[in-house]
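A short write-up of the structure that comes next.
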2 protein chains.
Amino acid sequence: MLHDPAQLDLMFQALADPARRQMVDRLSRGPASVSQLAEPLAMSLSAVVQHLNLLEASGLVRTQKVGRVRTCQIDPKALRAAEHWINERRLSWERRLDRLGDFLAETRDET
Amino acid sequence: MLHDPAQLDLMFQALADPARRQMVDRLSRGPASVSQLAEPLAMSLSAVVQHLNLLEASGLVRTQKVGRVRTCQIDPKALRAAEHWINERRLSWERRLDRLGDFLAETRDET
DNA sequence: ACAATACTGAAGCGTTTACTTAACTATTGC
DNA sequence: GCAATAGTTAAGTAAACGCTTCAGTATTGT
């Protein structure tokens, strides 16, 4: 369910916006309320809530409301899924380069 | 220059689109021409070129034209930069959890 | 009870995105 | 030289985005 392409899509989409990455960055240092997330951002609370809803839909952030404050925190599993996608492609490319290197080394030996 | 926030922005933006991720996926298995990249995609060549230009601007893909064919390949350094951003935030969060665990363990000892 | 706080939701609006088509420029093969 | 191939560029368009404002709902403090 974490490798569901639709979920991956939502995650990368969520990470594409600088404001949302800033929110993730803030949350990486610890949980925060909506207002605390909004504080460093030059936009209305309402806009922040909209970003937050996207982050939550993407699975990157989980929230829970106690009384009137919504507390947000990162879900590291989701972050790991995005990380993994990139890592796989990079490794695939690098393995290819290695094989190519081996091949070139071998053909040089055949004098 | 790889940690330039503007460049990071372009990278995540580039990765946000499914078609572009599919192109990166294809390129992770080896270099390809524009037409080869376009083949599995249900859109015009023109659209593919536009995506490709974005990928190149983001630094994720490098291309070189020989004769009339443009050959594309991944730049793993750029992939690593995106990977790194995510990894740092995830680790920061997980370290926080560890410290919290230690704290709870200690306070339990104080009977 | 009343005011302040902490969000939430809907409507609207200008900008950006992801395409399309169509016209064009190089190369390459015959 | 001529046609086919490979890619590029510009213009247009519909839909998605990132906001704003404003009006509303709970909850909390006095």
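Would you call B:His51 in contact (Cβ under 8 Å) with a residue 12 or more places away in the chain and part of a loop (DSSP other than H, G, I, E, B)? It is false that B:His51 is in contact (Cβ under 8 Å) with a residue 12 or more places away in the chain and part of a loop (DSSP other than H, G, I, E, B).
Only one residue in A:Arg80, A:Arg68, A:Arg95 is of a type outside the set (A, V, I, L, M, F, W, C) and either at positive phi or away from chain B (no Cβ under 14 Å) (or both). Which one?
Just one listed residue meets the conditions, A:Arg68.
Among the conditions (1) open to solvent by less than 30 Å² (accessible area, probe 1.4 Å); (2) charged (D, E, K, R); (3) within 30 Å of A:Arg62 (Cα to Cα), B:Glu94 misses just one, which is (1).
Each row is one residue, and each column tells you yes or no for (1) open to solvent by 20 Å² or more (accessible area, probe 1.4 Å); (2) away from DNA strand C (no atom under 13 Å from the Cβ); (3) in contact with a Pro (Cβ under 9 Å, 6 or more places away or on another chain).
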{"site": "A:Gln7", "(1), (2), (3)": "yes, yes, no"}
{"site": "A:Gln13", "(1), (2), (3)": "yes, no, no"}
{"site": "A:Arg20", "(1), (2), (3)": "yes, yes, no"}
{"site": "A:Val24", "(1), (2), (3)": "no, yes, no"}
{"site": "A:Pro31", "(1), (2), (3)": "yes, no, no"}
{"site": "A:Leu37", "(1), (2), (3)": "no, no, no"}
{"site": "A:Ser44", "(1), (2), (3)": "yes, no, no"}
{"site": "A:Val49", "(1), (2), (3)": "yes, no, no"}
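Of all residues assigned to region B:14-25, none qualifies as being charged (D, E, K, R) and more than 21 Å from A:Phe12 (Cα to Cα).
For region B:55-87, a residue qualifies if it is among the basic types (Lys, Arg) and either crowded, with 22+ Cβ neighbours inside 10 Å or part of a helix (DSSP H, G or I) (or both), and the qualifying residues are B:Lys77, B:Arg80.
Among the residues of region B:18-48, the ones that are in contact with a helix residue (DSSP H, G or I) (Cβ under 7 Å, 6 or more places away or on another chain), within 12 Å of chain A (Cβ to nearest Cβ) and either in a helix (DSSP H, G or I) or more than 21 Å from A:Leu91 (Cβ to Cβ) (or both) come to 9 in all. The one condition from (1) aliphatic (A, V, I, L, M); (2) touching a strand residue (DSSP E or B) at 6+ places or on another chain (Cβ under 6 Å); (3) more than 8 Å from DNA strand C (Cβ to nearest atom) that A:Leu60 does not meet is (2). What number of residues in region B:40-97 are among the β-branched types (Val, Ile, Thr) and within 22 Å of B:His3 (Cβ to Cβ)? Adding up the residues that qualify gives 3.
The values are calculated or read from the model by the stated rules, or taken from the named source; none is laboratory data. Since the structure is predicted, the reported quantities are computational estimates derived from the model, not experimental observations. Because the Cβ atoms are built from the backbone with ideal geometry, glycine has one as well, and the counts that use them run over all protein chains shown. These accessible areas exclude ligands, DNA and RNA; they are computed on the full protein's heavy atoms, side chains included. Shrake-Rupley method; radii C 1.70, N 1.55, O 1.52, S 1.80 Å.
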